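The block underneath contains the structure these notes are about, expressed in structure tokens.
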Amino acid sequence: MARLVMFAILAVVILASAVFCVSTKRIMRAATGLLFVLFGVAGLYFLLDYTFLGAAQISIYAGGITMMYIFAIQLVSKRTLQGLSERWLGKRTFLAAFIALVGVATVILVLLKNQFINILTGNENALANEITMDIVGKTLMSADKYGYVLPFEFISVFLLACIIGGLVILNKNKKEESK
Amino acid sequence: MIPVEYFFILSGLLFFIGVFGFVTRRNLVAMLISVELVLNSVDINFAAFNRLLFPGGYEGMFFTLFSIGVSAAESAVALAIIINVYRHFHSDQVNSIENMKL
């Protein structure tokens, strides 16, 4: 019951911040809304006893990505910060809202009406065990059947590629300007 | 014990709030913020599927972990591109980008 109350509070926070994030006119407020959505999702992970995942969510998303967005917003445009360039789109807003409503109705209908959930639920003690750091580290580094050493290595190469790509993209213009 | 359907409803709503923002926004950074909402809704689904339906395995948790890492890298590169576009076109609206080069 306590978990259900916590879930309700987190869901309200997440959905309200998400709606605020997509509907506000000022870009900095949208970033703040995103920050609260990320904190709410981290709370959901803690609620599911994924403590490592919640910590990673807070440190990577809320700590890193949001800071990067705020820096980018400050670097990009002064007019957007003051809410001058985001204008009312008229009919297209209603069209987008209609698409979103149709989509959410379809997805929720499919997720609720299919049968495999009914077969699988009934695990009453699903929330009893927390995944320890021991298991996380050993699974990430093992090459056995349920090991993740290959995606782990791939993602490190991928991060390196992204660092180099970002630096190259940002530095190219500077050289052209100095010439 | 939370019914797993509540997680589905929450993540479906969050996903389509993100889609709505992606369609209506005209600012590149704001569109990227909407994409982050979509990615987070998918992460919620991964974690809820794993914990509430298949509590014996760890696949959902590790996929969420990898998804967080990939989205961090993706938003870093996307922001680099957006800053570059702003230097190039002196605007951060999508309408202003019609050609790859000036």
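Throughout, read-outs are computed from the coordinates displayed, never taken from laboratory work. None of the values given here were measured: they were computed from a predicted structure. Every residue, glycine as well, gets a Cβ built from its backbone with ideal geometry; the counts of neighbours run over all protein chains shown.
Cβ-to-Cβ counts within 10 Å put A:THR106, B:THR64, A:THR51 in ascending order as A:THR106, A:THR51, B:THR64, the fewest first. For segment A:1-87, the calculated P(r) over all alpha carbon pairs, in 5 Å bins from 0 to the bin holding the longest distance, is 3, 15, 20, 21, 17, 11, 7, 4, 2, 0 percent. Shielding by partners for peptide B:67-79, expressed as the average number of C-beta atoms from other protein chains within 10 Å of each residue's C-beta, is 6. For chain B, the relative contact order is 27 percent, taking Cα pairs closer than 8 Å that sit 6 or more residues apart in sequence and dividing their mean separation by the residue count. Neighbouring Cβ atoms from other chains, within 10 Å of the Cβ of residues in B:55-62, number 5 on average.
Taking a ≥ b ≥ c as the square roots of the eigenvalues of the Cα gyration tensor, an a/c ratio of 1.5 or more together with a/b larger than b/c marks segment A:131-179 as prolate.
How far is the Cα center of segment B:1-56 from the Cα center of segment A:1-47, in Å? That distance is 11 Å.
Note on A:ALA8 and B:ASN95: their simple-model spin labels are 4.5 nm apart, each label 7 Å out from Cα toward Cβ. Derived value for the protein assembly as shown: Kirkwood hydrodynamic radius 20.2 Å. Basis is the mean of 1/r over every pair of different alpha-carbon atoms. In segment B:1-40, whose amide N lies under 20 Å from the spot 7 Å out along Cα-to-Cβ of A:VAL110? List them in ranges. Only B:4-23, B:35, B:37-40 pass the distance filter. Computed on the Cα atoms alone, the convex hull of chain B gives a volume of 89 cubic angstrom per residue.
Per-residue mean of foreign Cβ neighbours for B:40-50 is 4 (Cβ atoms of other chains, 10 Å radius).
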